[in-house]
Structures are given as structure tokens and as C-alpha cells.
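Beneath this line is the structure, given in C-alpha cells, with notes to follow.
The values are calculated or read from the model by the stated rules, or taken from the named source; none is laboratory data. No experiment lies behind these values; they were computed from the predicted model shown. Methodologically, a virtual Cβ is constructed for each residue, glycine included, from the backbone with ideal geometry; neighbour enumeration extends over all protein chains shown. For accessibility, only protein heavy atoms count, side chains too; no ligands or nucleic acids. Shrake-Rupley method; radii C 1.70, N 1.55, O 1.52, S 1.80 Å.
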Amino acid sequence: QMVILMWIQGLLTDPSVRAMQLLYMSFHGTVFDRGGEFLPEEWLNFEQRVDLCQSGLSSFSFIFVILFLWTLTMLRELRSTNELFSNFQRLPTTLEDSDMVIEAGEAGAQILELSALTSTMRVVLYSVVIVPKIIVSLTLLYSGLQWLTATSSFADLILNAVALEFVIAVDDLFLEAFAPQCLVDDLETMKFSHKVSDDAEDEAELAKLEARRALIGYARSFLLVGASLVAVYVYLVQLQTVLPGYAVDISGKCKAFVAHELDPICDEFGVGTCFPFGPPPVDPYKYSSPRDVMS
């Protein structure tokens, strides 16, 4: 996963950021004067309007939603890693390797339960599983935000977000492709065996404890969603490095252009009247409005 992340950063993210910066530089250099005044005539003649208005940053709300969903995706990975770490941490320490895994269940339907860890195995699991998963998740979160922000078209924005999901599943892919099936089955069915503390043996106390945990879980979830929304907004406005000092001046210029020149030429129910025979009176690619073709 780390190698793939390095390739994504060097072969995909950095070139995309450079291309977006060159496009934005051309936009500022052509459509504005040295005092920062907007030049409407230059905007109408700007040859890269389509490219600029198809970039992710041209629609703040759309890219905000995509980046928010990507943040939630990586937050899910981090929470999964945190749950795994918590399960490891709650297991007692044992001196014997044979005490770590026990068989439970009836004959013919036995499952494996991880009931304890040796000190060596605990260090190995933290070093080989937990720490790498955290590093990969945080790196992929930042690299994904940067790559999606620099995406040059709305269609590619969706495709890139889907492609990033592939990197998350690489470790599972290797396990399922190369590990013996018996090992895969054991890992899928293995459970953590945590002893219930003596002070929680009473059913009423146990029910209260579960209710308290559920309440804390819901509160934590709402807090994480709110924090993710704020974090994505702050990233787009202040922290993104694709266009440092971005003045949010693309979306306003592109709104009218997209509405008039990137909409479909035909009306939704214009069957039979949208494609007349014979040469069109004007170049169809220069219509200022989709309905101009009907006149």
C-alpha cells in the first residue's frame, strides 16, 4: 500500500496539481488586469473556459460533498483500526503461546477465540498491523484530498474517488489471493474473548453499562460527522495546497457559462425537432443557449 501511495503521489497527484495550477495561472493572467480587475471580454475569449469550468474547484458545493464523502471513507478505516487496537489492548497478557487462542463452540461448529496475547505478539501486532494501517489511512486521506481537489473534470472526480477505494482494499486482496483458505476462514470467524469484570456481573448493571456505551457511541458519531464537515470546509478554504491563496473566483465566473454553454443542446422532450436535416445555420458548438438550436 505504501508503494502504491508513493506512485499515486508522484505519478497522479503531483501532475494533476501542476496542471491545475497552470490552468489557474492562465486564468488570472488572461482574464484579469494587473490590478485584479475582471475583464469580461477576455473571459468570453478565454480558450480554456471549458477546462476551467469542468475542474472540481469550479463547483464548491460539489467538490465539498465529494471530499466530505472521501473523509468519511477514511474515517471509517481509522475507526476500524481503533476498534482493532482497542480489542488488542483489552486482552490480558500471557506468558504461554498456547493460552492465546482457544477453541469454543460445539463439536463440528467450533470457532477460534483470541483470549490473550504474549508481550512479543502484542508488539508485533501493534508494529505490523496497527501502526501501518494508521499511517496508510492518514497518508491516503491527505493524498486523496489533494488529488480530488486537483481533478480536471467532474466525471474524473467521481472516477478518481472510486479508484482510491481500490488502494484501501489492497491488503485484503493480497490476503484472499495468496493466503491459504484455511487461514482466511480462521481469521474471518475468529472472535475476541473479553472477560466481563466482576462488578458488571449483575444484569441490571450490565444493561446500564451497555446503554451508557451506546449513548457515548452515538454522541461520538455525531461529533465526528460535525468535525468532518468543519475539517473539509477549512481544508478547501485555508489548507488545500493545489491553489495556494485560492480566492474562490472560479465558480462565480463559470456558473453562467455552464448553464448556457455546457448544458445539452436539446430540450428533454424535444424529440423530432432537435436534429433537423440539412446544414445548421450556425456552428452548433457556439450556441449561447441550448434553445438557440431550436430557433
Of residues in region 74-101 being hydrophobic (A, V, I, L, M, F, W, C) and over 20 Å from residue 165 (Cα atoms), the one most open to solvent (accessible area, probe 1.4 Å): 95
Residue that is farthest from residue 52 (Cα to Cα) [pool: residues in region 138-191 that are among the aromatic types (Phe, Trp, Tyr) and touching a residue at least 40 places away in the same chain (Cβ under 8 Å)]: 147
Pair list, Cβ under 9 Å, 6 or more apart: region 78-93 residue in contact (Cβ under 8 Å) with a residue 24 or more places away in the chain, other residue part of a helix (DSSP H, G or I) and aromatic (Phe, Trp, Tyr): 85/126; 88/126
Candidates 218, 126, 233 - the one that is under 14 Å from residue 70 (Cα atoms) and out of contact with any His (no Cβ under 8 Å at 6 or more places or on another chain): 233
Qualifying residues in region 18-58 (those that are out of contact with any Cys (no Cβ under 8 Å at 6 or more places or on another chain), closer than 28 Å to residue 164 by Cα and among the hydroxyl-bearing types (Ser, Thr, Tyr)) - the one least open to solvent (accessible area, probe 1.4 Å): 55
Matching residues, region 37-52, being without any contact (Cβ under 8 Å) to a residue 12 or more places away in the chain and part of a helix (DSSP H, G or I): 40, 41, 44
Contacts under 7 angstrom Cβ, first residue in region 202-221 being over 22 Å from residue 72 (Cβ atoms), partner open to solvent by less than 60 Å² (accessible area, probe 1.4 Å), 6 or more apart: 206/200; 209/200
Criterion violated by residue 179 - all others in (1) over 30 Å from residue 32 (Cβ atoms); (2) open to solvent by 60 Å² or more (accessible area, probe 1.4 Å) satisfied: (2)
Some residue of region 129-140 being small (Gly, Ala, Ser) and closer than 17 Å to residue 4 by Cα: yes
All positions within region 118-137 that are in contact with a Leu (Cβ under 9 Å, 6 or more places away or on another chain), free of Cβ contacts under 8 Å to residues at least 60 places away in the same chain and of a type in the set (Val, Ile, Thr): 118, 129, 130, 134
